[in-house]
Amino acid sequence: MANLTQDMKDIMGKSRGYAVATCDKDGVPNVVPIHFVKILSDDEIMMADIFMKKTFENIQQKPVMAVSVWDWDVKPRKGFQFKGTPRIETSGKIYDMAVEMVKAEKPDLTAKSAVVLKIKDIFVTSPGPNAGKNVNEI
């Protein structure tokens, strides 16, 4: 199990976009840009599903996901990749948070669901000697 550090949370707080990867039952990858992300706990993040189609289908077929976040404004650049198991919420408190988060910034859009990623591994995507390493192994 891996937990978000304050450094990771700071990068996520500044980010305007995330790369979210899933794959279908045959292993065909799909990567989409996501804007609406919220930290729920040290090992869970939530993404608002507004336009997800293939991502939604992939989660139902094969519940694995990777989410990449980075900070281009610092030198050296910093980034992390979170891997884990997603679940889809279409009602309840977390779904309501997703709807409110989207409406606050884009009143004309509505979240169809909330995708919650339970983080199992975190990898460094920053350039340098630790690139690609699991943070638990550094």
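None of the figures in this text is laboratory data; all of them are computed from the coordinates on show. Just so you know, these numbers come straight off a predicted model, no measurement behind them. Here the Cβ is made from the backbone with ideal geometry for all residues, glycine too, and neighbour counts use every protein chain on show.
At-a-glance table
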| read-out | value |
| --- | --- |
| Stretch gain in nm, segment Lys62-Leu40, where the contour uses 0.36 nm per residue and the Cα spacing is subtracted | 5.7 nm |
| Percent RCO, i.e. relative contact order, over the chain, from Cα pairs under 8 Å lying at least 6 residues apart | 26 |
| Most positive-pole-ward Cα, Val32, Pro129, Gln60, against dipole of segment 12-138 from beta carbon charges | Pro129 |
| Qualifying chymotrypsin sites (Phe, Trp or Tyr not before Pro) in segment 68-97, DSSP loop, other Cβ atoms within 10 Å at most 12 | Trp72 |
| For segment 6-137, radius of gyration divided by Kirkwood radius, i.e. Rg to Rh on alpha-carbons | 0.97 |
| The chain - mean residue ellipticity at 222 nm from DSSP helices (-39,500 (n - 2.57) per run, n ≥ 4, rounded to 500) | -6500 deg cm²/dmol |
| Cross-link table Lys38/Lys103; Lys75/Lys106; Lys25/Lys93, entries beyond 24 Å C-alpha to C-alpha | Lys75/Lys106; Lys25/Lys93 |
| Computed lengthening from Ile50 to Ser91, 0.36 nm per intervening residue step minus Cα-Cα distance | 13.3 nm |
| Most mobile of Gly79, Gly128, Gly13 in a GNM of the chain (Cα contacts under 10 Å) | Gly128 |
| Full-extension gain in nm, Gln6 to Asn130, via 0.36 nm per residue minus C-alpha separation | 42.8 nm |
| DSSP-assigned coil residues among GluC sites (Glu not before Pro) in segment 1-93, each with at most 14 further Cβ atoms within 10 Å | none |
| Exposed-loop-free span, longest in the chain, where trypsin sites (Lys or Arg not before Pro) count as exposed if DSSP calls them loop and at most 10 other C-beta atoms lie within 10 Å | 26-138 |
